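Readers should treat all values here as calculations from the given coordinates under stated rules, not as data from a laboratory. Everything quoted here is computed from the prediction, not taken from an experiment. Here the Cβ is made from the backbone with ideal geometry for all residues, glycine too, and neighbour counts use every protein chain on show.
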Amino acid sequence: MSTALMATAGIATLYVVDQHVYQRLLQTAFDVGLRTEQLGSRLPLIRTLMVLSASGSGMARRLRFFYLIPMTAPAEQSASAGIRGPF
């Protein structure tokens, strides 16, 4: 396998781990803080304002581009090397 293809596979693996593990943990912590704000605590309504400003789109969709854009260059390089040959 080419180096570019392995780089793409590495970034894709990191993306999967980030989306399925880290983002779920982060969302849970955010939801707990949001619920605490809604229960009338003395916390500033930072999370509530974040939810209102996101207008229901969330960050996961935007975060995909953080990984997908760097994956395209090595994938295209690997594909073009496969078409042209090694030299």
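Observations, loosely collected:
- Taking Lys and Arg as +1 and Asp and Glu as -1, the other residues whose beta-carbon sits under 14 Å from that of Gln38 total +1.
- Compared with the alpha-carbon gap, the fully stretched path from Ala9 to Leu49 is longer by 10.7 nm at 0.36 nm per residue.
- Rounded FRET efficiency, nearest 0.05, which uses the C-beta distance separating Ser2 from Gln23 and R0 of 35 Å: 0.70
- Most positive-pole-ward Cα, Ala54, Val21, Met6, against dipole of the range 3-82 from beta carbon charges: Ala54
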